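Structure first, then comments.
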Amino acid sequence: MKETRYYKVAGHRFCVTGEAEGFANYEPFLCEEGETVFALSIGDGEAPEYVEEIRQEDEGQEIICGKTAADEAVFEFHWWNDTAGWLICSADYHKGRLITTGRHVKMAIDNALMVLYALATADRQTALFHAAVVSYEGKGYMFLGPSGTGKSTHASLWLRYIAGTALVNDDNPVVRDGVVYGSPWSGKTPCYRNVHYPLGGIVVLSQAPYNRIQRLSGLHAYAALVASISGKRWDARIADGLHQTENALASTVPVWHLECLPDEEAARVCQLTIKR
């Protein structure tokens, strides 16, 4: 039976209409009915006709992006070469419908909601990051880097060796106006906490045979953020919104580059430096 549910993430409310199964990770974010930044309906149907523009691949997952003849944005979700579904969006990304195939439905729902959230809030000082986040002494610390660089590993080192640390989100936190929020989306470590902290620092990770950290500034800090923010930038409104968010973060939040090993010393060097 279909029903409509409302959720609030980083202060932005959205609603989903569809079957009630597959939403356990969203329960901490349930909220009252009200004005929404976007609405998603979920059902089955025929594959839409569209022209492919770009595609993104990451660890067995592929998202193909394109547009229909009516100028609607389309996102086709693949998981290990299986099509999980198609998200068709209105031009302003305030409405979307997800057509599922019956395969990997949970993956299709999560991806559709992340895409819509990132695009609908891009001009509201909000960005969805690919990052791991921990809280420590009342602030949030975000670890960035390409897939495989050790974001989750470094967060786990803080949890193990830095007393008073807690995991906020393992892969998809939201940053809004200098505050980092937990979200219903996480990585290999399930972590769906409806919490938020002032952002105390951002650390870009890279693997190295040693542990060394240095502060980034100006364009270097800005560039370090761009690669880790979710969002399709061929829309001028979205690109401008993300640019403003990136510029504000690079100007107001300390950004660091940590070359490191996956060891205790790396966590301690990082913590001692960015807490000064």
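The values are calculated or read from the model by the stated rules, or taken from the named source; none is laboratory data. Worth saying up front: this structure is predicted, and the values here are computed from it rather than measured. No Cβ is skipped: glycine too gets one built from the backbone with ideal geometry, and neighbour counts run over all protein chains shown. Note: areas computed on protein heavy atoms with side chains; ligands, DNA, RNA excluded. Shrake-Rupley method; radii C 1.70, N 1.55, O 1.52, S 1.80 Å.
Taken about its Cα centre, the range 57-192 carries a charge dipole of about 380 debye when Lys and Arg each add +1 at the Cβ and Asp and Glu each add -1 at the Cβ.
Which of the chymotrypsin sites (Phe, Trp or Tyr not before Pro) across the range 188-236 are loop residues per DSSP, with 12 or fewer other Cβ within 10 Å?
Values: sites: TYR192, TYR210, TYR222, TRP234; in loops: TYR192, TYR210, TRP234.
Taking the range 188-236 and a limit of 12 other Cβ atoms within 10 Å, the loop chymotrypsin sites (Phe, Trp or Tyr not before Pro) found are TYR210, TRP234.
Of the residues THR100, TYR117, MET142, the one whose Cα sits farthest toward the positive end of the charge dipole of the range 95-249, with +1 on the Cβ of Lys and Arg and -1 on the Cβ of Asp and Glu, is THR100.
List the pairs from LYS188/LYS275; LYS2/LYS151; LYS67/LYS151 whose alpha-carbon separation is above 31 Å, in the order I gave them.
On the way: LYS188/LYS275 27 Å; LYS2/LYS151 37 Å; LYS67/LYS151 33 Å.
The pairs that break the limit, which is 31 Å between Cα atoms, are LYS2/LYS151; LYS67/LYS151.
Using every pair of separate Cα atoms, the Kirkwood estimate puts the hydrodynamic radius of the chain at 19.3 angstrom.
Below 15 angstrom from the Cβ of VAL174, what's the summed charge of the other residues (Lys, Arg +1; Asp, Glu -1)?
On the way: positive: LYS8, ARG13, ARG124, ARG176, ARG193; negative: ASP110, ASP123, ASP170, ASP171, ASP177, GLU246.
Residues near VAL174 contribute -1 overall.
Our estimate of slack between SER147 and GLU33, defined as 0.36 nm per intervening residue step minus the Cα-Cα distance, is 37.4 nm. A simple charge model with +1 on the Cβ of Lys and Arg, -1 on the Cβ of Asp and Glu and nothing else charged puts the dipole of the range 24-89 at about 80 debye relative to its Cα centre.
Taking θ as phi - 60° and the Karplus parameters 6.51, -1.76 and 1.60, the scalar couplings of the range 79-84 work out to 9, 6, 6, 9, 7, 8 Hz in sequence order, x denoting glycine and proline.
Solvent-accessible area of the chain (1.4 angstrom probe, protein heavy atoms only): carbon and sulfur portion equals 50 percent.
Given their separation in residues at 0.36 nm each and the Cα-Cα distance between them, GLU52 and ALA223 gain 58.8 nm when the chain is fully extended.
For the chain, what does -39500 (n - 2.57) per DSSP helix run (n ≥ 4), summed and divided by total residues, give at 222 nm, in deg cm²/dmol to the nearest 500?
Numbers: 5 runs with 64 residues, N = 276.
Computed mean residue ellipticity for the chain: -7500 deg cm²/dmol.
In this structure the chain gives 46 Å² per residue of accessible area when probed at 1.4 Å with all protein chains present.
Placing pseudo-labels 7 Å out from each Cα toward the beta carbon at GLN61 and ARG124 gives an inter-label distance of 2.2 nm.
Non-local amide H neighbours of LEU144 (under 5 Å, H modeled in plane, Pro and chain starts lacking H): which ones? Amide H to amide H, under 5 Å and 5 or more residues apart or across chains, LEU144 pairs with VAL203, VAL204, LEU205. Taking 0.36 nm per residue of separation and subtracting the Cα-Cα distance, full extension of the segment from TYR6 to MET114 would add 37.4 nm.
Amide H contacts for PHE38 (H built 1.01 Å from N in the peptide plane; partners 5 or more residues away or on another chain; cut-off under 5 Å): CYS15.
What's the center-to-center distance, using Cα atoms, between the range 13-56 and the range 260-276 in Å? First find each Cα centre; the distance between them is then 39 Å. Taking Cα centre as origin and charging only the Cβ of basic (Lys, Arg, +1) and acidic (Asp, Glu, -1) residues, the dipole magnitude of the chain rounds to 1100 debye.
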